[in-house]
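*Asks:* The following block contains the structure, expressed as structure tokens.
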Amino acid sequence: MKTGRSAMSMRKCRALATNVLCVGAAHLAFAAEPREAPKLGTPITEHDAAKWDLSVFPDGRGLPPGKGTAAAGKVIFENQCASCHGDGGRGATAEELVARPQPLTDEGASKVIGAYWPYATTIFDFVRRSMPAFAPGSLSADDVYAVTAYLLAASKLIAETDEMNAQTLPAVKMPNRDGFDWIDVKK
């Protein structure tokens, strides 16, 4: 029989092997037991799932019919958005959305819409999916176009009288459109 350090190592190895076998056997026994499916709500219907199929692409694919202007968007913003994003989108408990233009290379540069976001359609997509925070998805397409127009006009990217719709929104050239290195685009 071995003594000293190697005997102790052998005992540790046997104990470890026994533990591994016991855990493995318990796992197999548990996995073999038939289990009832968890009751986590109601399965989603195709109709309900379609309400969340909201992908909007930079070229405008996926934009719904509708239209809006900055004037209409200002009213919606003041009623639905300003409590978090501040007056004129200048920031409050949530991020600022509108600020004076500054290069992103400046120290402390903010990622406001006009300076950072590469596509105007992203504004529409984000607002439609997740705003207002207390009722995401509750705004109509016209409301979302209007809020988007308001934010673009407040950022001095479109005129306050410009109408945003499925044709005009993708045509807005954002200042930082070429400021990203896209990983999925071949150059």
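*Asks:* Residues to consider are PRO103, PRO43; find the one that is in the same structural domain as ASP143 (by TED's automatic domain parsing) and either not charged (D, E, K, R) or not in a loop (DSSP other than H, G, I, E, B) (or both). Please lay out each step first, then the result.
*Replies:* Working: PRO43 fails: in the same structural domain as ASP143 (by TED's automatic domain parsing).
Exactly one of PRO103, PRO43 is in the same structural domain as ASP143 (by TED's automatic domain parsing) and either not charged (D, E, K, R) or not in a loop (DSSP other than H, G, I, E, B) (or both), namely PRO103.
*Asks:* Could you say which residue among TYR145, TYR119 is in contact with a strand residue (DSSP E or B) (Cβ under 6 Å, 6 or more places away or on another chain), surrounded by 14 or more Cβ atoms within 10 Å (Cβ to Cβ) and not small (Gly, Ala, Ser)?
*Replies:* Details: TYR119 fails: in contact with a strand residue (DSSP E or B) (Cβ under 6 Å, 6 or more places away or on another chain).
Result: TYR145 is the single residue among TYR145, TYR119 that is in contact with a strand residue (DSSP E or B) (Cβ under 6 Å, 6 or more places away or on another chain), surrounded by 14 or more Cβ atoms within 10 Å (Cβ to Cβ) and not small (Gly, Ala, Ser).
*Asks:* Now for a different question. Can you tell me which residue is farthest from ALA171 (Cα to Cα) among those in region 101-126 that are among the β-branched types (Val, Ile, Thr) and touching a residue at least 24 places away in the same chain (Cβ under 8 Å)? Explain how you work it out, then say what you get.
*Replies:* Kept after step one, since they are among the β-branched types (Val, Ile, Thr), are these residues of region 101-126: 105, 112-113, 121-123.
Subset that is touching a residue at least 24 places away in the same chain (Cβ under 8 Å): 112-113, 121-123.
Details: VAL112: 19, ILE113: 16, THR121: 9, THR122: 13, ILE123: 13 Å.
Only one residue fits best here, namely VAL112.
*Asks:* On the given criteria, is VAL98 among the hydrophobic types (A, V, I, L, M, F, W, C), surrounded by 20 or more Cβ atoms within 10 Å (Cβ to Cβ), at pLDDT 95 or above and under 16 Å from VAL172 (Cβ atoms)? First the steps, then the outcome.
*Replies:* Working: among the hydrophobic types (A, V, I, L, M, F, W, C): yes; surrounded by 20 or more Cβ atoms within 10 Å (Cβ to Cβ): yes; at pLDDT 95 or above: no; under 16 Å from VAL172 (Cβ atoms): yes.
Criteria not met by VAL98.
*Asks:* Continuing with this model, one more query. From GLY137, GLY108, GLY179, grab the single residue that is of a type in the set (Gly, Ala, Ser), at pLDDT below 90 and not assigned by TED's automatic domain parsing to the domain that holds GLN80.
*Replies:* Criteria check complete, one pass: GLY179.
*Asks:* Would you point out the residue of region 77-89, among those that are in contact with a helix residue (DSSP H, G or I) (Cβ under 9 Å, 6 or more places away or on another chain) and free of Cβ contacts under 8 Å to residues at least 40 places away in the same chain, that is surrounded by the most Cβ atoms within 10 Å (Cβ to Cβ)? Spell out the reasoning first.
*Replies:* Of the residues in region 77-89, the ones in contact with a helix residue (DSSP H, G or I) (Cβ under 9 Å, 6 or more places away or on another chain) are 77-78, 80-82, 85, 87-89.
Among the residues that remain, those that are also free of Cβ contacts under 8 Å to residues at least 40 places away in the same chain are: 78, 82, 85, 87.
On the way: GLU78: 13, ALA82: 16, HIS85: 23, ASP87: 11.
Once the filter is applied, the top-ranked residue is HIS85.
*Asks:* Considering only residues that are among the aliphatic types (A, V, I, L, M), within 29 Å of LYS51 (Cβ to Cβ) and assigned to a loop (DSSP other than H, G, I, E, B), which ones fall in region 78-100? Talk me through it step by step, then tell me what you get.
*Replies:* First pass over region 78-100, keeping only residues among the aliphatic types (A, V, I, L, M): 82, 92, 94, 97-99.
When the remaining residues are screened for being within 29 Å of LYS51 (Cβ to Cβ), the result is 82, 94, 97.
Those that are among the aliphatic types (A, V, I, L, M), within 29 Å of LYS51 (Cβ to Cβ) and assigned to a loop (DSSP other than H, G, I, E, B): ALA94, LEU97.
*Asks:* What is the one condition in (1) under 23 Å from GLY66 (Cα atoms); (2) assigned to a helix (DSSP H, G or I) that ALA115 does not satisfy?
*Replies:* For ALA115, the exception is condition (1).
The values are calculated or read from the model by the stated rules, or taken from the named source; none is laboratory data. This structure is a prediction, so every number in the text was calculated from the model and none was measured. No Cβ is skipped: glycine too gets one built from the backbone with ideal geometry, and neighbour counts run over all protein chains shown.
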